[in-house]
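The values are calculated or read from the model by the stated rules, or taken from the named source; none is laboratory data. Just so we're clear, the structure is a prediction, and the values are computed from it rather than from any experiment. Here the Cβ positions follow ideal geometry from the backbone for every residue, glycine too, while neighbour counts run over all protein chains shown. Heads up: the accessible areas ignore ligands, DNA and RNA and are worked out on the full protein's heavy atoms, side chains in. Shrake-Rupley method; radii C 1.70, N 1.55, O 1.52, S 1.80 Å.
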Amino acid sequence: MADELTAATVMRTRRLPAFEAPFLRAPEGARRVFLVTLGAACAPLLAGVVLFGWRAAVVACICVAACVIIEHVTYRVAHTPALGGRSHAYLTGVLLALTLPAFTPWYVAVIASAFAVIIGKAVFGGVGHFLWQPALVGRFAVAVMFPALLAPGDWPVLAQNRLLVGDVTDARTPMDYRGWQDRSAPEGADAFRLPHPRRALAKLTNRPTDAPPAYSGLAMPRLEMPGAAPAALHAPSPDRLPPMRDLVFGTRPGGIGETCIIVLLVAGGYLVYRDYVRWQLPVAFLASAWCVAAVAPVQLAGPSQTVETVWFPLLVEGLDVGFTYVNYQLLSGATVLAATFLITEMSSRPATVGGQVIFGAAAGALAMGLQLYVTAVPIPAYAAVLAMNTFAPWIERMWRPRVLGRRRLAWLGSLVHPFGERRPKR
Amino acid sequence: MLARRYATFTGGIDLPDLKDATLDAPVRPGPVPARLRVPLAPCGGPPAEPVVAAGQRVVAGQRLGAASDDAAVDVYAPATGTVSRLTRVATAGRYGPAHSDAVELVELEHLPELPAEPPTAGWRELAAAQVRERIADGALTTFRRGAEPLSGWIERARAAGCRVLIANVMEHEPYVTADHALLRARGRQVAGGLMLLGRAIGAETVYLAADRRRTDDYHPAEDAARELGIEPVALEHKYPTGADVMLVKILTRCETPPGGSPTDVGAAVVDAATCFATYAQVACGVRPSGRVVTVAGERTSRVGNFFVPFGVGCVDLVGAPGPPVLHGGAMTALRCDEATVTSPASDAVLAPAVETPPHPGPCIRCGWCVAHCPARLNVAALNDAFELADVDRAARLGVRACIACGVCSYICPARLPLTQRMNQLNRAVGRVADG
Ligand code: SF4
Ligand code: SF4
């Protein structure tokens, strides 16, 4: 083995197999890691296909096929071997499909895949080198290019009796919609057209000051206890929030894999069990988003047609109402999908647990901040993840666990003296 | 064995044990070799001056080489035989194979067996100075990778003021059971040798640290140890608990400074084979002529724990077709070639079923190496530093704390040879820092 450590010898030998200890290897290779993650990502995809019908399956197939083909072509052109076969291209395709709504036209899916593979991965040199989660790069690109199409407005949800086989574009706005359960499809259509919960929530908390509030979003007459819920649950149809049950099972407007919280949690738990994800990262992300939603000021209807800005929405109407409101904020968007599959992408997060906690907490706070205050951003959770991906290498460099045998904060000294740890003199 | 709580360390990993084949094997005499190539520099460093000539008949225990300075030891014939020539061999040095001169013996007779002589009266009452004198007489070395003269080791520990002596019988590496077999067969003697060593370096606390799963086999050693004022401790099985630095951290809660050795924090670490050799020499007057070696692996049928004289060719010993033959536990082993012979440092010679090493891919930043590194290094960042050949950055990240345990290479899904890279960085940093 060449003893001199120069850039030239490293370049020559770094892809050669090493015949040195250890002679045992753990069985899991990079390809297996990607394939198992892919398997886990298929769970919310299947849930999405059931909830949003065959069009979701078509979107997923287009994304996967486009990612694989484009990746194959780019690597052919660039003469670089793809790591782990095409497993990461499949994974990128599925993750991208999870973030897109089921009514996405085919060309949008193809463009998103192209951005994901080319800008997200190939430009940086492939797996392991990219800065931003590739699927999110694709999603972000189409969100910018087709704002009208993908803005969270009125999105469709299949009716109970049309699950799996229904056509999600064949939607009507239902009159007097109280919840998905026990409601069969509207006359001559397969799906309900419902307001995206994000939009409904924004109406509650971010109404323009000059518009007189029709009702106080969070306020609820104390007389109606028990069964705490924001008053919006009882509001007239267009402003009504879906029941909490719909949020948990995923029968509400959203991306293919964004909505089914239960399946997302199970699949994410499996990734944690396999040690592909440290639990600290998604927990930090969700917890910090939850805390921001609990604390950050919202605008509520005050007495006699005024609007007032109130801090601590968790407490302002009582814990029960506040708790429901905060959970709505957390579960209604793409936050859970981002926490389980997107922020945990290996190459674009810090490697140390401490770094991951900082990274996740910052991304969660940013996601909730965007969701609450920047209605112009259609994909707050994804934008937050992308933004924090940018800082991941920096966090990685700044967060240094104490190396064995070093004094605490010894690295401060090493900033001035690169060889601060000479061998102790005997 | 005990009800006291000890510290632990972050990282580490559960390795497959792979010891079943040899765990219950008694220590047997090894296969009879055709020749011995007795290394004249078992400790690396300068070789002993040969004092025999080709064609001469030597008897077991006769001196073959005279030490030229303090870093070397006298070398004695492990068996009776005829000197055929001087040759070159390789032994296991700390950082890789160490090449040295050797005396080749053929027409062998009286091959050594595991010593079982009765102790001389009064060995327990020997004063520290007397123990050190007898150790120096016997040309003892330490019985581990990077062997050194035992007298020198004792002086170093005394100079550093070591108050703690730890016998490391963890045997955390897959396949290896040599110390385990020795402790089963000669537990009282190992404990006696440990006590003598503790006296020689003036240690106040002496531990006998063993794997918790194996303690049922160690009752004689345990009883003798308690009687001699040694504290037996049983520790959880987790690789690399048996690395000296980790063991010292567990038992004394002191962290060895990066690039240092446990003596820097006042703890000395030995293994069972050194203790046994000390006992045999000091209490029974028997010079070491061989050691217990585990021969194991899927590719050999000659599986067991053998008492093997120094200078047996590793490839002949294992009797396996084709490379690789490994010297030492599979996580830190060296590859043997025809020139490699057994020496005091040989705890195992293995022929495991290893696949051809895979081509490393790019790091996918899974973070497993970081999570499992017992030295809490950011191995992924160090790998970047390696690929950029940035030695300064590696030094800042603390690469000198690496204990070369092999966990990062073992676990890396991109199949990067991380341990090897850390070693290279370490040597580069050492060169710059030491001058
Ligand atoms: S070989 Fe070194 S860097 Fe790798 S896990 Fe062990 S101590 Fe850490
Ligand atoms: S284990 Fe290998 S692939 Fe994973 S972060 Fe470490 S070097 Fe990279």
Original post:
So for the protein assembly as shown, taking the charge dipole from beta-carbon charges (+1 Lys/Arg, -1 Asp/Glu), which of B:N305, B:A60, B:P258 sits furthest toward the positive end?
Top reply: B:P258
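Which of the GluC sites (Glu not before Pro) found in the range B:161-233 are in a DSSP loop and have at most 16 neighbouring Cβ atoms, other than their own, within 10 Å? Provide the component values of the computation, followed by the final result.
Details: sites: B:E171, B:E204, B:E222, B:E227; in loops: B:E171, B:E204.
Sparse-neighbourhood loop GluC sites (Glu not before Pro): B:E204.
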**OP:** Calculate the length of the line joining the C-alpha centroid of the range B:104-158 to that of the range A:101-174, in whole Å.
**Re:** 74 Å
Subject >> Cα-Cα P(r), the range B:88-132, percent of pairs per 10 Å interval >> reply: 17, 20, 28, 32, 2
Subject >> Overall Cα dimensions of the range B:96-251, principal axis frame, Å, largest first >> reply: 46, 38, 32
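Using Cα-Cα distances under 8 Å and only pairs 6 or more residues apart, what relative contact order does the range A:115-180 have, in percent? Could you put the intermediate results ahead of the total?
Details: 42 pairs, mean separation 14.7, N = 66.
Relative contact order of the range A:115-180: 22 percent.
Can you give the average number of partner chain beta-carbon atoms within 10 Å of each beta-carbon in peptide B:402-409, as a whole number?
Details: counts 2, 2, 2, 2, 5, 2, 1, 8.
Going residue by residue through B:402-409 and averaging, the value is 3.
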**OP:** Determine the share of the protein assembly as shown's accessible area contributed by carbon and sulfur atoms, expressed in whole percent, with a 1.4 angstrom probe.
**Re:** 59 percent
Original post:
With Rg and the Kirkwood Rh both taken from Cα atoms, where does Rg over Rh land for the range A:154-195?
Top reply: 0.90
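I want the local charge near B:D17. Using Cβ-Cβ distances under 14 Å, sum +1 for each Lys or Arg and -1 for each Asp or Glu among the other residues.
Numbers: positive: B:K19, B:R212, B:R213, B:R214, B:K238; negative: B:D14, B:D20, B:D24, B:E171, B:E173, B:D211, B:E236.
Summing Lys and Arg as +1 and Asp and Glu as -1 gives -2.
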Original post:
Just how far, in whole angstrom, is the range B:5-61 from the range B:376-417 if you go by their alpha carbon centroids?
Top reply: 30 Å
**OP:** Partner chain Cβ atoms within 10 Å, averaged over the residues of B:374-383 - can you pull that number for me?
**Re:** 4
Original post:
Which net charge results for the neighbourhood of B:D347, defined as the other residues with beta-carbon distances under 10 angstrom from its beta-carbon, given Lys and Arg at +1 and Asp and Glu at -1?
Top reply: -1
**OP:** Taking just the C-alpha trace of chain B, give me its Rg and Dmax in Å.
**Re:** 21.1, 64
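Using only the Cα atoms of the range A:333-388, what semi-axes does the equivalent ellipsoid have when each is the square root of 5 times a gyration tensor eigenvalue? Give whole Å, largest first.
Result for the range A:333-388: semi-axes of 20, 11, 8 Å.
I'd like the Kirkwood hydrodynamic radius of the range B:245-346, using the inverse of the mean 1/r over distinct C-alpha pairs, in Å.
Numbers: mean 1/r = 0.0629 Å⁻¹.
Kirkwood hydrodynamic radius for the range B:245-346: 15.9 Å.
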**OP:** Quantify how strongly other chains surround peptide A:9-18 by giving the mean number of their Cβ atoms within 10 Å of each of its Cβ atoms.
**Re:** 5
Subject >> Largest to smallest accessible area among B:I364, A:I358 [probe 1.4 Å] >> reply: A:I358, B:I364
Original post:
Could you give the nm distance between label points at A:A78 and A:W279, where each point is 7 Å from its Cα heading toward the beta carbon?
Top reply: 3.7 nm
Subject >> As computed over the protein assembly as shown, the Cα convex hull volume per residue (Å³) >> reply: 188 Å³
Original post:
Chains B and A: how much accessible area gets covered up at their contact, both sides added, probe 1.4 Å, in Å² to the nearest hundred?
Top reply: 5900 Å²
Original post:
Within a Cβ distance under 10 Å of B:A34, other residues only, what is the Lys/Arg minus Asp/Glu net charge?
Top reply: -1
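Evaluate E = 1/(1 + (r/R0)^6) for A:A65 and B:Y95, where r is the Cβ-Cβ distance and R0 equals 45 Å; express this FRET efficiency to the nearest 0.05. Walk me through the numbers on the way to the answer.
Details: r = 51 Å, r/R0 = 1.14.
Plugging the Cβ-Cβ distance into 1/(1 + (r/R0)^6) gives 0.30.
Mind checking the per residue accessible area of chain B for me, 1.4 Å probe, whole number of Å²? All intermediate terms of the calculation are to be shown ahead of the outcome.
On the way: 15250 Å² over 435 residues.
Per residue, chain B has 35 Å² of solvent-accessible surface.
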**OP:** For the range B:319-352 and the range A:14-40, write down the distance between their C-alpha centroids in whole Å.
**Re:** 25 Å
Original post:
Per the Cauchy relation, a quarter of the hull surface: what is the mean projected area of the convex hull of the alpha carbons in the range A:25-152, in nm²?
Top reply: 8.1 nm²
Subject >> When the convex hull of its Cα atoms is projected in every direction, mean area for the range B:61-103 (nm²) >> reply: 3.6 nm²
